[in-house]
Each structure stands twice: as C-alpha cells, then as structure tokens.
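The structure appears right after this line, and notes come after that.
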Amino acid sequence: MVQTPTRAVALDLFRQYNKTESLLKHALSVEGVMRYMAAKAGEDEEKWGIIGLVHDLDYEMYPDQHCTMSKKILTDNNWPEEYIRAVVSHGWGIVSDTEPITQLEKTLFAMDELTGLVTTSALVRPTRSVMDMEAKSVKKKWTDKRFAAGVDRTIIEKGAAMLGVSLDELISDCILGMRTVAEDIGLKGIAPQQ
C-alpha cells in the first residue's frame, strides 16, 4: 500500500544506502534548497524537502544504475509515484529519460548540480561559509572549468531556462536555501562581524 513518507523514514532509508558524509551533506543541501524553493512557490515544503533528501538514494551503492535503482528501492518501499518520478527526473538526459515536467521536478533538476558549485565556492572563501556569500562569488568561478570540474554547468543553465529564471536568481535562491541548513552541512563557517 502506497504511503506518504515522513522525513524520518526518508532519512533512515537514505542512510541504509549511503554511508559517506559528503553524500549526506549533499542530500541535506538539496533538501534545504528544495524546502526553501517550495516555501517561495507556496508549495508543500515537506514533500519537496523529502524528495530533495532522497534524490541520490542509490548513488553510493549503485553509481552505474543511478536513478534506476532509486526507482526500484522507492517502489519496493511503497513510495508515491509522484515522489518516485521526481527523483528519477533529476537524472534526465544523463541517466534517465524522464523529463522534468512539474515545478518540483524542474527545481530539483536545476538545484542538484548547483548545490555542488555553491558548496565548493563557499569552501574556498576565508569564512568557509554560505552565510556571507552572494551569487556574484559563484558567478566569478563559473567560467573556470577547473574549479569544481565535476559540476556540469550546462545542466544548471538548462534548469534555469526550464524554470524561466536568470542564472543569478537561481544561484541566489540556492545560496539562501543552503543557509537554512548551513550548520548541518558544515558551511556556517565564521559569521561575519556586524
């Protein structure tokens, strides 16, 4: 029987399949951003957050079957189809042919990759924090392909276009969302002096 998962259930499931701290921090980053974006859009923060939390559920154990195994695991755990589809759609064009259609899916697609770039940008700042970071700091690093080389900028650009927002707005929203979980993801850093 299909059940709407709680955050506790989602986190337990994520931890069953992922042991590395970096993947947990990424999941928490995306969860924070998704909750922030849901609130901004007047949508269901809990649903958006939970989907953000488990979006890379299968990544550590099944990297070669990314999104495919997530679909199987979530189906086996009686998750709602809407949640499963959203998780699978974030890999569109890379490991999945499920195109992001809803606002939630487009947001997850756009923000997943961007959280990595924001994290890396924060870690090279003197404060090692997102609390005092602005979009322009991330944009300065945008064209340097050696910086955060694993981050595919074209996916972020495609996501911004899907959402009909500028890159600057998308980056700003990502930073603001990550600030809500800065403590949990190790990016609170040294608070700037007021």
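Please treat every number below as a calculation from the coordinates, not as lab data. Everything numeric here is computed off the predicted structure, so don't read it as measured data. Cβ sites come from the backbone with ideal geometry, for glycine too, and all protein chains shown count toward neighbours.
Tabulated data for the structure shown
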| read-out | value |
| --- | --- |
| Selection count where residues are closer than 21 Å to Ala148 by Cβ, charged (D, E, K, R) and in contact with a Ser or Thr (Cβ under 7 Å, 6 or more places away or on another chain), scope segment 91-124 | 0 |
| Residue check, Asp132 in contact with a Pro (Cβ under 8 Å, 6 or more places away or on another chain), surrounded by fewer than 21 Cβ atoms within 10 Å (Cβ to Cβ), of a type in the set (Asp, Glu) and over 23 Å from Glu46 (Cβ atoms) | yes |
| Residue among Leu108, Leu123 that is touching a helix residue (DSSP H, G or I) at 6+ places or on another chain (Cβ under 7 Å) and in contact (Cβ under 8 Å) with a residue 24 or more places away in the chain | Leu108 |
| Set Ile94, Ile51, Ile73: member being crowded, with 18+ Cβ neighbours inside 10 Å and more than 20 Å from Val165 (Cβ to Cβ) | Ile73 |
| Candidate set from segment 61-93 (those that are over 23 Å from Thr20 (Cα atoms) and in contact (Cβ under 8 Å) with a residue 40 or more places away in the chain); member that is farthest from the chain's Cα centre (by Cα) | Asn78 |
| Residue, surrounded by the most Cβ atoms within 10 Å (Cβ to Cβ), within segment 141-187, restricted to residues that are within 13 Å of Ser129 (Cβ to Cβ) and touching a helix residue (DSSP H, G or I) at 6+ places or on another chain (Cβ under 9 Å) | Met178 |
| Which numbered condition Leu13 fails, given (1) surrounded by 17 or more Cβ atoms within 10 Å (Cβ to Cβ); (2) farther than 21 Å from Gln103 by Cα; (3) more than 18 Å from the chain's Cα centre (by Cα); (4) not hydroxyl-bearing (Ser, Thr, Tyr) | (3) |
| Filtered residue count, segment 160-171, keeping only those that are under 14 Å from the mean Cα position of the chain (by Cα) and of a type outside the set (A, V, I, L, M) | 0 |
